[in-house]
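Participant: Supplied in structure tokens, the structure appears directly below.
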Amino acid sequence: MENKQQSNGEMKENKAVKKKTNWSGSLIVASLTGAFGSSFLYGYNLSVVNAPAAYIKKFYNETWERRYGFSVDKGTLTLLWSITVSIFAIGGLVGAIIVTPIVKFFGRKCTLLLNNVFAVAAALLMSLSLLAGSFEMLILGRIVMGVDAGISLSALPMYLSEISPKEIRGSLGQVTAIFICIGVFTGQVLGLPEIFGQESRWPYLFGAIIVPSLIQVLILPFLPESPRYLLLEKHNRSKAEKAFQTFLGKDDVSHEVEEVLAESRVQRNTKLVSILQLLRTRAVRWQVITVVITMGCYQLCGLNAIWYYTNNIFSEAGINRETIPYVTLSTGAVETLAAVFSGLVIERLGRRPLLIGGFGLMIVFFTVLTLSLTLQETVHWLPYLSIFCILAIIASFCIGPGGIPFVLTGEFFQQSQRPAAFMIAGTVNWLSNFAVGLLFPFIQSGLQTYCFLVFAAICLAGATYLFFVLPETKNKTFHEISQAFAKRNKVSLEMQEMNHYPGERKSSAEQESNFTSSVDNGETKKEIV
């Protein structure tokens, strides 16, 4: 009896120690540095063009007049500005498509570092465009910056999901969303008239992009590569163990190494799969569908429409136009606070409640906002209700739909499938982003304030699907998540394990022997060198 009590006491003590050591200093530095030079820049570039829009259009007009001797017509100017804003998404799509071979060859950390070449090149092109008198440089810089964002929004969640213990995988994954929100807020702050929101200073808004890139380049090289990448793809056990020790802050990482090796035995092969192979793999069919739907809803749920309407709604509420830029900061602040809140509670509440609940709250507030905007001329206090609805929609989005899709993409797929899965997720993300930018003006002009009901319907469809299909992935291994999907994929667990690589099956003993041999060879080569 005493031995049993002692054993239980030791288990509780071990659990307490484990919880304390989850967040190591290296893990925190890696996540913050990685996100600051990656998802932060994505958020920053979403908002940075809003404040200097009038000055940039004036620059376009003056450049056109200097070249051709007459002012640009209104239609052409609108087209040039639309291209400047929306071409960011085209660059993002290119980045999402090319990310798989890059992370395969260079690794997760090195991909984030090399990606800074695009960020610095884009910053130089955009910040020097006024001096050079070339609006083409600004447009080219936007597309190059889009490539940077497309790569980082796949490589960063991949890196974070692979370096974090499963107990805090969701919280660490939310760092991506938190820094997107901080980036948006920073763009709003730097765009104020007192800082860079002036005609002579707007190029500095784009030049500031270099700062996060330089910080990442200075710090990230001193942190390890993803231990899972080192072990499963590079077959270097010694380096993987050192990476685990650094990120977990402990010397004995045998359990973590064995857990990864157990996954490799389940997946039978560490060769990366292509997108076509992933799409044809029956064992992950519903995981792929779920990622496509969550990423599609992430962009199509109407947050971009909210940003479009914000200034008009604040104006209708009687707020002075000169004051609106400062009031708009409240939206960025609410967005950031909601994302931080989500990161703090995701490991307690889980992914399902936050994601479905976030979409559910957006449905409610979109409906109320539609009624408020439709009837605001009849009741004097309704514009203030509209302001509340805008802030509530932003908060609801950031609590769940704003970051969890990236977390789920990292959790659903095994090591060899993850790059292809992130390419699919990124492609859907950027195509949806481009579609919203292209179609929203037509939806808005046709439906006016009722356009928000379209977004409410998209949120309803997404929430309904997730309610019936999405299992809870909190604190679960890949193997356990696969089991949760096995019945819906109509495969037995044994069939699921054999079905990961159609047409490339070998016997279990042969695969395990090959894997062990490759790891040993990797270590032997290192010793010889």
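Participant: About the Cα centre of the chain, what is the dipole size in debye to 20, counting +1 per Lys and Arg Cβ and -1 per Asp and Glu Cβ, all else neutral?
Facilitator: Numbers: 44 positive and 37 negative charges, 159 e Å.
Computed about the Cα centre, the dipole is about 760 debye.
Participant: Over the Cα atoms of the chain, Rg to Rh with Kirkwood Rh, two decimal places?
Facilitator: Details: Rg = 24.6 Å, Rh = 24.5 Å.
Result for the chain is an Rg/Rh of 1.00.
Participant: Here's another thing I want to ask about it. How big is the stretch 29-111 by the Kirkwood estimate over distinct Cα pairs, in Å?
Facilitator: Mean inverse Cα-Cα distance, inverted, gives 15.6 Å.
Participant: How far is helix 254-267 tilted, in degrees, relative to the longest principal axis of the Cα atoms in the chain, given as a value from 0 to 90 rounded to the nearest 10?
Facilitator: 80
Participant: Can I ask one more? How far is helix 351-375 tilted off the main Cα axis of the chain, in degrees rounded to 10, range 0 to 90?
Facilitator: For 351-375 against the chain, the angle is about 10 degrees.
Participant: When the Kirkwood radius is taken over all Cα pairs of the stretch 151-199, what Stokes-Einstein diffusion coefficient follows at 25 °C and 0.890 mPa s, in µm²/s?
Facilitator: Rounded to a whole number, D works out at 196 µm²/s.
Participant: What number comes out for accessible area per residue over the chain if the probe is 1.4 Å? Units Å², please.
Facilitator: Value for the chain: 44 Å² per residue.
Participant: Right, here's the next one. What percent does the relative contact order of the chain come to when contacts are Cα pairs within less than 8 Å and at least six residues apart?
Facilitator: 22
Participant: Another question, if that's okay. How high is the FRET efficiency between residue 68 and residue 210 when r is their beta carbon distance and R₀ equals 41 Å, given to the nearest 0.05?
Facilitator: That pair, residue 68 with residue 210, gives E of 0.80.
Participant: To continue, here is another question. How far, in degrees from 0 to 90, does helix 74-106 lean away from the longest principal axis of the Cα atoms of the chain, to the nearest 10?
Facilitator: It is inclined by approximately 10 degrees.
Participant: Residue 136 versus residue 218, label points 7 Å from Cα toward the beta carbon: distance in nm?
Facilitator: 3.6
Participant: Using only alpha carbon pairs under 8 Å that are at least six residues apart, calculate the relative contact order of the stretch 273-499 and give it in whole percent. Intermediate values should be presented prior to the final figure.
Facilitator: Values: 252 pairs, mean separation 89.6, N = 227.
It comes to 39 percent, rounded to a whole number.
Participant: Are there trypsin sites (Lys or Arg not before Pro) in the stretch 104-135 that DSSP marks as loop and that have at most 15 other Cβ atoms within 10 Å, and which are they?
Facilitator: On the way: sites: 104, 108, 109; in loops: none.
Here no trypsin sites (Lys or Arg not before Pro) fit, given the DSSP loop and packing criteria.
Participant: Quick one: what do you get for the stretch 151-295 if you divide its Cα Rg by 2.2 N^0.38 Å?
Facilitator: The reported ratio for this selection is 1.37.
Participant: I need the peptides 418-429, 114-125, 388-399 ranked by packing, meaning the mean over residues of other C-beta atoms within 10 angstrom, with the highest value on top.
Facilitator: Ranked from most to least packed, the peptides come out as 418-429, 388-399, 114-125.
Participant: Moving on to the next point. If all Cα-Cα distances of the stretch 273-499 are sorted into 5 Å bins from 0 onward, what percent lands in each bin, rounded to whole numbers?
Facilitator: In order of increasing distance, the bins hold 1, 7, 14, 16, 17, 14, 10, 8, 5, 4, 2, 1, 0, 0 percent.
Participant: From the alpha carbon gyration tensor of the stretch 24-223, can you work out the equivalent ellipsoid semi-axes (sqrt of 5 times each eigenvalue) and give them in Å, largest to smallest?
Facilitator: Ellipsoid half-lengths, sorted descending, are 34, 17, 13 Å.
Participant: Measure off 7 Å from each Cα along the Cα-to-Cβ vector at residue 377 and residue 480, then give the distance between these two points in nanometres to one decimal.
Facilitator: 5.7
Participant: Using the structure shown, list the pairs from 104/242; 104/239; 242/490; 250/474; 239/490; 242/474 with a Cα-Cα distance above 28 Å, or answer none. The partial results should precede the final answer.
Facilitator: Working: 104/242 21 Å; 104/239 17 Å; 242/490 40 Å; 250/474 23 Å; 239/490 39 Å; 242/474 26 Å.
Pairs exceeding the cut-off: 242/490; 239/490.
Participant: How far apart, in nm, are the 7 Å Cα→Cβ label points at residue 384 and residue 258?
Facilitator: Result for the modelled spin labels: 6.4 nm.
Participant: Report ³J(HN,Hα) in whole Hz for each residue of the stretch 425-439, in order, from the Karplus equation J = 6.51 cos²θ - 1.76 cosθ + 1.60 where θ = phi - 60°; Gly and Pro get x.
Facilitator: Running phi through 6.51 cos²θ - 1.76 cosθ + 1.60 with θ = phi - 60° gives 4, x, 5, 5, 4, 6, 5, 5, 4, 5, 5, 4, x, 7, 9 Hz.
Participant: Return the carbon/sulfur percentage of the accessible area of the chain, one whole number, probe 1.4 Å, all protein chains in place.
Facilitator: Carbon and sulfur together cover 64 percent of it.
Participant: Using a/c under 1.5 as the rounded threshold, could you call the stretch 239-394 rounded, prolate or oblate? The axes a ≥ b ≥ c are square roots of the C-alpha gyration tensor eigenvalues, and prolate needs a/b larger than b/c, oblate otherwise.
Facilitator: Because a/c hits 1.5 or more and a/b exceeds b/c, the stretch 239-394 counts as prolate.
Participant: Would you work out which of 143, 294, 181 lies farthest towards the positive end of the dipole of the chain? Charges go on Cβ: Lys and Arg +1, Asp and Glu -1.
Facilitator: Checked the options; the winner is 294.
Participant: Using only the Cα atoms of the stretch 385-450, build the gyration tensor, take square roots of its eigenvalues as a ≥ b ≥ c, and label the shape rounded, prolate or oblate: rounded if a/c is under 1.5, else prolate if a/b is larger than b/c, else oblate.
Facilitator: oblate
The values are calculated or read from the model by the stated rules, or taken from the named source; none is laboratory data. Keep in mind that what you see is a predicted model, and the values were worked out from it rather than measured. All Cβ positions, glycine included, derive from the backbone under ideal geometry; neighbour counts span all protein chains shown. Protein only, heavy atoms only, side chains kept; ligands, DNA and RNA dropped before computing areas. Shrake-Rupley method; radii C 1.70, N 1.55, O 1.52, S 1.80 Å.
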